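Enquirer: Below is the structure I would like to discuss, written out as structure tokens.
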Amino acid sequence: MFVDSHCHLDKLDYQDLHQGIGDVVAKAKAANVTELLSVGVTLDAFPNMMEMIAPYDNVYASCGVHPLDVESDFSFELMHQYASHTKVVAIGETGLDYHYQPETKALQQQRFEQQVALAVELNKPLIIHTRNAREDTLDILRRGGAEKCGGVIHCFTEDLAFAQAAMELGFYISISGIVTFRQATELKEVVKALPLERLLIETDSPYLAPVPHRGKQNQPAYVVEVAAYIAQLRGISLSEVGQKTSDNFRNLFLR
Ligand SMILES: [Zn+2]
Ligand SMILES: [Zn+2]
């Protein structure tokens with residue numbers, strides 16, 4: 001059994017690749033991927049995503065404003081209302097990305113702080129996206145009291161020291177298909193060193209398809225390739241990776 005802890009189900013190709021979201025969920029189930037978390041990136045797109053996933057009890061949602069979408073429409077009250085929905089199990093994705101948009105740094109920090117505050121208030125875990133912003137990310141999490149709600153560093157590509165600092169705040173570390181890429185040598189070492197009790201797996205679909213699907217559009221069913229790669233790296237069974245990461249998912253998001 002496997003869980004895809006981070007996908008963007010409203011962004012998949014429903015023209016040529018899939019016949020609707022039911023098809024995506026069925027393909028995941030056929031690969032033994034039994035639960036999915038569809039992650040929001042703007043408030044504008046949130047109602048449509050919720051409508052798409054509404055019929056599926058095994059699909060959860062998060063509500064957030066992505067650091068690369070901070071110029072989209074925002075209202076704290078509206079976000080509070082959206083995030084209070086029972087199907088919403090997390091706040092995010094939020095965080096900081098100084099790699100692609102250093103020019104929106106100040107607004108990214110403001111939105112991030114607002115989402116940390118909301119997560120603490122609603123006691124829902126945070127889904128964090130961070131790139132080129134290690135110190136500021138930890139600083140905002142600490143100042144906002146994020147250890148009270150916990151969360152996950154998604155699509156992890158940082159170093160072991162950052163992972164340890166995040167785990168000290170009670171955070172989990174989520175591994176994407178990047179770990180299967182040949183050039184990701186440092187990440188492979190980090191994945192070997194992390195405690196299994198803190199690991200999650202994700203596709204971040206439609207992005208970042210793992211080997212051997214690279215070049216194709218990613219989908220939740222492919223999270224099994226991420227699990228298989230981690231199992232091989234750590235010298236443990238695929239079923240152990242599936243079981244542990246599924247337990248971790250439940251402990252964090254379905255508590
Ligand atoms: Zn992200
Ligand atoms: Zn994402």
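The values are calculated or read from the model by the stated rules, or taken from the named source; none is laboratory data. Only a predicted model underlies this, so the values are computations on that prediction, with no experimental measurement involved. When we count neighbours, we look across all protein chains shown, and the Cβ atoms used for this are built from the backbone with ideal geometry, even at glycine. For accessibility, only protein heavy atoms count, side chains too; no ligands or nucleic acids. Shrake-Rupley method; radii C 1.70, N 1.55, O 1.52, S 1.80 Å.
Enquirer: Would you check if there is a residue in the stretch 81-102 being of a type in the set (Phe, Trp, Tyr) and either away from ligand 1 (no atom under 15 Å from the Cβ) or at pLDDT below 95 (or both)? Full working, then the answer.
Expert: Going through the stretch 81-102, the residues of a type in the set (Phe, Trp, Tyr) turn out to be 82, 98, 100.
Now narrow it down to the ones that are either away from ligand 1 (no atom under 15 Å from the Cβ) or at pLDDT below 95 (or both): 82.
Within the stretch 81-102, one or more residues are of a type in the set (Phe, Trp, Tyr) and either away from ligand 1 (no atom under 15 Å from the Cβ) or at pLDDT below 95 (or both).
Enquirer: Check Lys11 against each of (1) open to solvent by 40 Å² or more (accessible area, probe 1.4 Å); (2) over 16 Å from the mean Cα position of the chain (by Cα); (3) of a type outside the set (S, T, N, Q); (4) within 24 Å of Pro220 (Cα to Cα) and name the one condition it does not meet.
Expert: In the conditions (1) open to solvent by 40 Å² or more (accessible area, probe 1.4 Å); (2) over 16 Å from the mean Cα position of the chain (by Cα); (3) of a type outside the set (S, T, N, Q); (4) within 24 Å of Pro220 (Cα to Cα), Lys11 misses (2) alone.
Enquirer: For the stretch 146-243, which fully contained helices (runs of 4 or more DSSP H) count at least 2 residues that are among the basic types (Lys, Arg) and either within 16 Å of ligand 1 (Cβ to nearest atom) or in contact (Cβ under 8 Å) with a residue 24 or more places away in the chain (or both)?
Expert: 185-193
Enquirer: Let me ask you something else. Of all residues in the stretch 19-63, how many are more than 18 Å from Thr245 (Cβ to Cβ) and in contact with a Lys or Arg (Cβ under 8 Å, 6 or more places away or on another chain)? Quick ask: steps written out before the conclusion?
Expert: Here is the first cut: in the stretch 19-63, the residues more than 18 Å from Thr245 (Cβ to Cβ) are 19-27, 30, 40-57, 61, 63.
After this cut, where a residue has to be in contact with a Lys or Arg (Cβ under 8 Å, 6 or more places away or on another chain) as well, the list is 50, 53-54, 61.
Selection size over the stretch 19-63: 4.
Enquirer: A further question on this structure: Just checking, how many residues over the stretch 56-93 are within 13 Å of Glu121 (Cβ to Cβ) and touching a Cys at 6+ places or on another chain (Cβ under 6 Å)?
Expert: Residues flagged as within 13 Å of Glu121 (Cβ to Cβ) and touching a Cys at 6+ places or on another chain (Cβ under 6 Å) within the stretch 56-93 amount to 1.
Enquirer: Additional query: Of all residues in the stretch 199-220, count the ones that are open to solvent by less than 10 Å² (accessible area, probe 1.4 Å) and of a type in the set (Ser, Thr, Tyr).
Expert: Residues meeting the conditions: 2.
Enquirer: Quick one: Phe2 ticks every box in (1) open to solvent by 10 Å² or more (accessible area, probe 1.4 Å); (2) within 16 Å of ligand 2 (Cβ to nearest atom); (3) among the hydrophobic types (A, V, I, L, M, F, W, C); (4) within 16 Å of the chain's Cα centre (by Cα) except a single one, so which number is it?
Expert: Tallying (1) open to solvent by 10 Å² or more (accessible area, probe 1.4 Å); (2) within 16 Å of ligand 2 (Cβ to nearest atom); (3) among the hydrophobic types (A, V, I, L, M, F, W, C); (4) within 16 Å of the chain's Cα centre (by Cα), Phe2 fails exactly one: (2).
Enquirer: Within the stretch 90-103, track down each residue that is open to solvent by 10 Å² or more (accessible area, probe 1.4 Å) and either among the hydroxyl-bearing types (Ser, Thr, Tyr) or touching a helix residue (DSSP H, G or I) at 6+ places or on another chain (Cβ under 9 Å) (or both). Explain how you work it out, then say what you get.
Expert: Taking the stretch 90-103 as the starting set, the residues that turn out to be open to solvent by 10 Å² or more (accessible area, probe 1.4 Å) are 98-103.
Selection gives Tyr98, Tyr100, Gln101.
Enquirer: Run Gly92 past the list (1) closer than 24 Å to Tyr56 by Cα; (2) out of contact with any Gly (no Cβ under 7 Å at 6 or more places or on another chain) and report the number of the one that doesn't hold.
Expert: (2)
Enquirer: A further question follows. Of the residues that make up the stretch 116-135, is at least one part of a helix (DSSP H, G or I) and within 16 Å of ligand 2 (Cβ to nearest atom)?
Expert: First, the residues of the stretch 116-135 that are part of a helix (DSSP H, G or I): 116-122, 134-135.
With within 16 Å of ligand 2 (Cβ to nearest atom) added as a condition, the list becomes none.
Within the stretch 116-135, none of the residues are part of a helix (DSSP H, G or I) and within 16 Å of ligand 2 (Cβ to nearest atom).
Enquirer: Is the stretch 7-16 home to any residue that is in a helix (DSSP H, G or I), of a type outside the set (Ser, Thr, Tyr) and touching a helix residue (DSSP H, G or I) at 6+ places or on another chain (Cβ under 8 Å)? Explain how you work it out, then say what you get.
Expert: Looking only at the stretch 7-16, we keep the residues that are in a helix (DSSP H, G or I), and these are 9-11.
Filter again for of a type outside the set (Ser, Thr, Tyr), leaving 9-11.
Add one more test, that the residue is touching a helix residue (DSSP H, G or I) at 6+ places or on another chain (Cβ under 8 Å), and what stays is 9-10.
Yes, the stretch 7-16 contains a residue that is in a helix (DSSP H, G or I), of a type outside the set (Ser, Thr, Tyr) and touching a helix residue (DSSP H, G or I) at 6+ places or on another chain (Cβ under 8 Å).
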